[in-house]
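Here's the structure we're looking at; comments come further down.
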Amino acid sequence: MPLALYALTVGAFGIGVTEFVIMGLLVEVGGDLGVSLSSAGLLISGYALGVVVGAPILTTLTARLPRKATLLGLMVIFTVGNAACALAPDYATLMAARVLTAFAHGTFFGVGSVVATGLVAPDRRASAIAIMFTGLTVANILGVPAGTWLGQHLGWRATFWAVTIVGLAAIAVIARFIPREDGAPAPTDWRADMRAVARGPVLLALLTTVLGFGGVFAVFTYIAPLLTQLAGFSDAAVSPILLVLGAGLVVGNIIGGRVADRNLPLALLGSLAALAVVLAAMAPALHSQPAMIAIAALLGAAGFATVAPLQIWVLRKAEGAGQSLASSLNIAAFNLGNALGAWAGGLAIDHGLGLGALPWVALAFPVAAILAAGPALLRERQPMAVAAGCD
């Protein structure tokens, strides 16, 4: 794999820490700023909605810029946004800074996915995307536990200052290793791009992404209180368990990419079904510490096994016109799922169902994704089976 892919991974790492580390610091942020746990959880939803809004806008505005310049500009926005989070004097300012930071997220992964697939042979595109998204998984296996520990010992603002430094490092490696293009990309017609992504197969792929990740984040958002208040772990145990969850993310992400290169429908249906099984198993495991450690690893693996298959499915459906926009919109769809999952989980808590209901709330999302996408994915498998039989 080209070295440039790993430069994208560094940027993905920084973005992943910013997005996910707040989950381990909900109690600290809420206590410091004087807001409830569910209100602190909305900082995740606010970030996700910032991705949803920012992805199509920035992708359209930067469509005629060289992709390397676009990636560098996005990382500058990301770095400034994290510094603003560290300096935020109150909840409203922190929310605004989170949304600003989120604007860089969707377009970075959208443009980065197109750059990554252009660096490798066609039969390795899903694996190339998986390598870039490994930055997100490494963020969870190293960055989030470290950021949680740092925030618990030095205050949550120290965590955002640390991520600001990561942003500066990402700017440096992208500037050094991402190859320059020969001139700007060919002019695009945003109307044609919108028509391309408005096709039924693309919209179905985007809906599947929303539903799949909604299930992950209905429980992932509240993983710290689930571990401490129901499973009975100490606050100090949260970071090591997040490390276990992060290891699951890495394994699931790699497996999802490799299976998708060989059989995309199987990768999608298999990963969504695995996620549903893990969430169903989580409900009776909530009060068992050994079981919750195992569930944390399986949740990470099943949740992130969906990432590369979903991204490559959208790129295939938007082949030609609209690929960059469709790729960015799929990142927005991931984050819309994040926002919906966090919102649904908070709604269950606020209306008296409690933390114990979260796995059942989460389970509804991947089941809905399988029902929505299953028929189309099975139809895609049929021609492959016929071809295999002819061989």
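The values are calculated or read from the model by the stated rules, or taken from the named source; none is laboratory data. Note that the structure is predicted; figures quoted are calculated from it, not measured. Cβ: placed from backbone, ideal geometry, glycine included. Neighbour counts: every protein chain shown. Accessible surface is based on the protein model in full, side chains and every heavy atom, while ligands, DNA and RNA are left aside. Shrake-Rupley method; radii C 1.70, N 1.55, O 1.52, S 1.80 Å.
Only residues that are among the β-branched types (Val, Ile, Thr) and either touching a residue at least 40 places away in the same chain (Cβ under 8 Å) or touching a Cys at 6+ places or on another chain (Cβ under 7 Å) (or both) were counted in the range 268-321, giving 5. Taking the range 290-333 as the range and being modelled with pLDDT of 80 or more and of a type in the set (Phe, Trp, Tyr) as the test, only PHE304 passes.
Matching residues to (1) among the aliphatic types (A, V, I, L, M); (2) at pLDDT 85 or above; (3) within 23 Å of ILE295 (Cβ to Cβ):
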| site | (1), (2), (3) |
| --- | --- |
| ALA184 | yes, no, no |
| PRO187 | no, no, no |
| TRP190 | no, no, no |
| MET194 | yes, no, no |
| ILE223 | yes, no, yes |
| GLN229 | no, yes, yes |
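In summary, VAL367 fulfils each of the numbered conditions (1) closer than 26 Å to GLY50 by Cβ; (2) in contact (Cβ under 8 Å) with a residue 60 or more places away in the chain; (3) surrounded by fewer than 24 Cβ atoms within 10 Å (Cβ to Cβ) with the single exception of condition (1).
So which residues in the range 131-162 are at pLDDT below 75 and among the aliphatic types (A, V, I, L, M), if there are any at all? Once the filter is applied, which keeps residues that are at pLDDT below 75 and among the aliphatic types (A, V, I, L, M), the range 131-162 yields LEU136, ILE141.
Scanning the range 151-161 for residues that are part of a helix (DSSP H, G or I), surrounded by fewer than 21 Cβ atoms within 10 Å (Cβ to Cβ) and in contact with a helix residue (DSSP H, G or I) (Cβ under 8 Å, 6 or more places away or on another chain) yields a count of 4. Taking each residue of the range 40-63 that is on the phi < 0 side of the Ramachandran plot and crowded, with 24+ Cβ neighbours inside 10 Å and looking for partners that are assigned to a helix (DSSP H, G or I) and among the basic types (Lys, Arg) with beta-carbon atoms closer than 7 Å, six or more apart or interchain, yields LEU43/ARG98; TYR47/ARG98; GLY50/ARG98. Summed over the range 88-112, the residues that are free of Cβ contacts under 8 Å to residues at least 40 places away in the same chain and open to solvent by 20 Å² or more (accessible area, probe 1.4 Å) give a count of 4.
If I ask for residues that are under 22 Å from the mean Cα position of the chain (by Cα) and open to solvent by 20 Å² or more (accessible area, probe 1.4 Å), which ones from the range 162-172 would you list? Walk me through how you get there before you give the answer.
Residues of the range 162-172 under 22 Å from the mean Cα position of the chain (by Cα): 162-171.
The answer is ALA162, ILE165, VAL166, LEU168, ALA169, ILE171.
Give the residue that is surrounded by the most Cβ atoms within 10 Å (Cβ to Cβ), with candidates limited to residues of the range 257-302 that are part of a helix (DSSP H, G or I) and of a type in the set (S, T, N, Q). Top of the filtered list is SER271.
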